[in-house]
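The values are calculated or read from the model by the stated rules, or taken from the named source; none is laboratory data. On a predicted model such as this, the values are computed, not experimentally measured, just so you know. Cβ atoms come from the backbone with ideal geometry, glycine included; neighbour counts cover every protein chain shown. Ligands, DNA and RNA are excluded from the accessible area calculation, which covers all protein heavy atoms including side chains. Shrake-Rupley method; radii C 1.70, N 1.55, O 1.52, S 1.80 Å.
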Amino acid sequence: MPKAARKTAVPESAPAPAFAERFAQRRDELEWLFMELYDDRAAFQRLLDAMSESSAARPEDLRDLDEAREKDPEWYKRGDMFGMTMYTDLFAGSLNKLADNIPYLKEQKLTYLHLMPLLQMPHPYNDGGYAVEDFDNVDPMFGTNEDLAALTRKLRAAGISLCLDFVMNHTASSHRWAKAAEAGDPEYQDYYFCYDDRTVPDEYDAHVPQVFPNTAPGNFTWNEKMGKWVMTQFYPFQWDLNYRNPKVLVGMLSSVMHLANLGVEVFRLDAVPYIWKEFGTNCRNLPQVHTIVRMLRIVLECVCPAVVLKGEVVMAPKELAAYFGTPDKPECHMLYNVSIMVNLWSALANGDTRLLKAQIDALDALPDNCWFVNYLRCHDDIGWGLDEDEERRLGIDPLKHKKFLYHFYEGAVPGSWAMGELYNYDEASGDARSCGTTASLTGVERAIITHDRPALDTAVDRDLLLHRAMSFLRGFPMLSCGDEIAQLNGWDYKEDPSRIDDSRNLHRSRFDWDKAALRHTPGTLQNRLWEGMESLREMRDDPCFAPDAWVTTWDAHNDAVLAVLRKQGDRVIVGLFNFSGVAQSARLDGSEGVMSAFDAELAPYEARVIVR
């Protein structure tokens, strides 16, 4: 399969002088890391050539952005950061049509937009775009590279930074590398993990957990054309890349730099803990993963320092700090706050904030260089990965609790208000995940169906409680597109043969522009949510949302109430969040030099900010 030509701006004759200065400061470490991992001088030179070419090709306006960001390196930590994630096709249809709707995004004062995967992919089976067959070009269903570059320019003019996923662990089986491997080319078979018999695969399977044991069991797939077993940890049409081969790393880093030159400012590193494989281990969080992420960080700091990295690390809190690196050898700039997302939903179902508080405390104890993107819903499911040791300490049976939660959010527990579905249910282990939009999971959909106005009011309170608590924590908030207008589940996915097998499509529905048109009409559901999201931005205008503010939980002497304190200088604000459906009292003790003691009465599902 011939490689499609990259479409970028016309390169300058040579890299910018600033590139040479940045590279000179970082070359020794980059060279040491690369040679330690590969001991391949020729491959290292190919990486340097790619960096030089990308620097030369970097458009002038992006070079200006690099210079500005170098003077403001913590720009992504500012209190006014406010994000949204969406599918291009579901929101607008194409990149050009999305650009036409930037006024809608500006109206929400967004500063960060994460578009779901839009690089060239096979159709229809592509795991929502996470099976990439060309990392250098936009899929024609969305537009062209020129359309992407034009969109990023318009977004920058509106003060919005674009984030795209970069799928590091695997390619689509239709990627040109995979097709060459399938055709029998040994060079490209070494880009993947390909074996003649089950000896090595069986050794891996003895130690490596399955990612999707129910929907995609096993870690290897037999390829008849190639006559080999190929590693496919996620789905059979996603071939795991072999980062032991330096050609893989150089090729992937070249694609990152290319996309950065199209104006992408943030890369979400998908499934990054999985990218290095080692016999006798579970192939998760290995030291070589951090070597690769550190090299990626160095490369971007040299070529395009405006760009930041966001890691998708669905791991226990103890594993998270390593993905930030250290202050002098940083890796990711920020991570998805998966654990807090899960604990917020758990607290809402239970009316008990103890697990949530413990998780916030664990994350707040991480070093100052650790920063998070907080969210309630995204393209993915809710995986109930709670801290089992903490659950046991609190007298909670982890498996029974998990079963309660996923049945609660499918609406199968008496008293549940939620309407969702299970994802990847595994009968043997009792494991399952949950799907649904924020509004449907907080009771809005059920209240509308039953024409129960009081229940609808309560559901909106739950929805806004979660959003306000999420936005008060360390990091910055990211909405799932449609949450701002209480978009409900898209049950029609069951009528599409290409979508029915993945229940995550329940919350991947087309944006309802008719409902969005009601956002300024007083008394409508959409207006209540829209104004609620505006209140989040107003709340975060406070000086206590500065990057260096002190953030900590506080004992409310009531397990139903989460209390979080923010302090900047002499100013202190306290967020109180009642996760219970009944009124609650909170009593906060005083602390010398911080605040005096006080009591508060909270209505059901009330979120209140108090200045002390």
Selection count where residues are touching a strand residue (DSSP E or B) at 6+ places or on another chain (Cβ under 7 Å) and of a type in the set (Gly, Ala, Ser), scope region 301-323: 1
Filter result (of a type in the set (S, T, N, Q) and either surrounded by 22 or more Cβ atoms within 10 Å (Cβ to Cβ) or touching a helix residue (DSSP H, G or I) at 6+ places or on another chain (Cβ under 9 Å) (or both)) within region 153-200: Ser161, Asn169, Thr171, Ser173, Gln189
Filtered residues of region 591-612 (kept if within 13 Å of Leu576 (Cβ to Cβ) and charged (D, E, K, R)): Asp599, Glu601, Glu606, Arg608, Arg612
Residue match in region 76-86 (condition: farther than 30 Å from Ala180 by Cβ and among the hydroxyl-bearing types (Ser, Thr, Tyr)): yes
Index of the failed condition, Asp139 passing every other in (1) more than 22 Å from Val256 (Cα to Cα); (2) free of Cβ contacts under 8 Å to residues at least 24 places away in the same chain: (1)
Region 260-300: number of residues that are in contact with a strand residue (DSSP E or B) (Cβ under 9 Å, 6 or more places away or on another chain) and either open to solvent by 20 Å² or more (accessible area, probe 1.4 Å) or not in a loop (DSSP other than H, G, I, E, B) (or both): 15
Matching residues, region 72-125, being open to solvent by less than 10 Å² (accessible area, probe 1.4 Å), outside any helix (DSSP H, G or I) and hydroxyl-bearing (Ser, Thr, Tyr): Thr85, Tyr112
Any hit, region 331-351, residues being in a helix (DSSP H, G or I), surrounded by fewer than 20 Cβ atoms within 10 Å (Cβ to Cβ), free of Cβ contacts under 8 Å to residues at least 60 places away in the same chain and on the phi < 0 side of the Ramachandran plot: no
Single residue of region 48-83 satisfying the filter (out of contact with any Ser or Thr (no Cβ under 8 Å at 6 or more places or on another chain) and of a type in the set (A, V, I, L, M, F, W, C)) that is nearest to Glu146 (Cα to Cα): Leu62
Elements of type helices (runs of 4 or more DSSP H) contained in region 411-501, each with 1 or more residues being open to solvent by 10 Å² or more (accessible area, probe 1.4 Å) and among the small types (Gly, Ala, Ser): 453-472
Looking only at region 385-399, and only at residues there that are at pLDDT 95 or above and either among the small types (Gly, Ala, Ser) or open to solvent by less than 10 Å² (accessible area, probe 1.4 Å) (or both), the one that is farthest from Asn343 (Cα to Cα): Gly395
